[in-house]
Amino acid sequence: MGDGHVDAAYHPRWLRPHVSTYWWLQKPSYLVFILREASCMFVAWFVLYLLWLIRAVAGGAPAYRQFLDWSATPWVLLLNAVTVVFVAFHAVTFFQAAPQAMVLHVGGRRVPTHLVLAGHYAAWVAASAVVCWLLTGA
Amino acid sequence: MIKRHPEPLLWMLFSAGGVVSGMLMPVLVLLFGLAFPLGWLNAPSHERLRALLGNPVIAIVVFSLCALSLFHWAHRFRHTLYDGLQIKHLNEVIAVVSYGTALGGSAVAAYLLWRLL
């Protein structure tokens, strides 16, 4: 964005100290930050996996069976095992940040942050229960 | 003329995608990624899954999950490359590729789900 502009001899941008590309390896908290950001890759992978599954379901029972067999192959299992960890990490960190991003007011008063947080976790438990029930319930 | 920036809209999509994926993905990955393939639980039959995806309400939820999660990914991916790896000179290219992928993926999701209705 506007990187080609050089209008002043002493541009403020030129006074910035150089930051290493690997700055996020310098502190554990930086690493946690970058791992949290990296969780989006696993979110994207699961969307792809889900689309594959939907396509298999549309393709009929044999295609669905084939998808299930493929999902049980070692590399896919390994990738999904890592995905579970990252997606759960994403959920926890995202909900944790929600009270800061979502300032709710009820009757002119701000809803306490721990209630916003509790609401997210309650919704998470409820949504997971509904999904389990739909897919595995009698 | 007020210049309209797309950033607030993109942030809203990022945020909505973060919430929806946070709510639904852990259980879905656990079931379809581990529990069913490893036989901890019986995978749903084809008819059952076909019927579930044919339900318009569930189709809309699954579509929202796919589309919003892709925009969540696009936004985070772009900003991580920008801030984390400091790839600043390719900012525009990365933005077009990320949001373009999200848009394309959403269209694929809509098409696949539409066929099952």
Worksheet item: Out of the stretch B:80-100, which residues are facing chain A (nearest Cβ under 8 Å) and within 18 Å of residue A:45 (Cα to Cα)?
Response: B:80
Worksheet item: Does residue B:34 qualify as being within 24 Å of residue A:82 (Cβ to Cβ), within 9 Å of chain A (Cβ to nearest Cβ), in contact with a Gly (Cβ under 8 Å, 6 or more places away or on another chain) and in a helix (DSSP H, G or I)?
Response: no
Response to the item:
Given (1) open to solvent by 70 Å² or more (accessible area, probe 1.4 Å); (2) of a type outside the set (A, V, I, L, M, F, W, C); (3) at the interface with chain A (Cβ under 10 Å from one of its Cβ atoms), residue B:54 misses just (1)
Discussion item. Here are the criteria: (1) more than 30 Å from residue A:25 (Cβ to Cβ); (2) facing chain A (nearest Cβ under 7 Å). Tell me which single one residue B:47 does not satisfy.
Written reply: (2)
Worksheet, complete the sentence: Here the residues within the stretch A:19-69 that are among the acidic types (Asp, Glu) and under 19 Å from the mean Cα position of the chain (by Cα) are A:37
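The values are calculated or read from the model by the stated rules, or taken from the named source; none is laboratory data. Predicted, not measured: the structure shown is a model, and the values here were computed from it. Cβ sites come from the backbone with ideal geometry, for glycine too, and all protein chains shown count toward neighbours. Please note that ligands, DNA and RNA were not included when accessible areas were found on the heavy atoms of the full protein model with its side chains. Shrake-Rupley method; radii C 1.70, N 1.55, O 1.52, S 1.80 Å.
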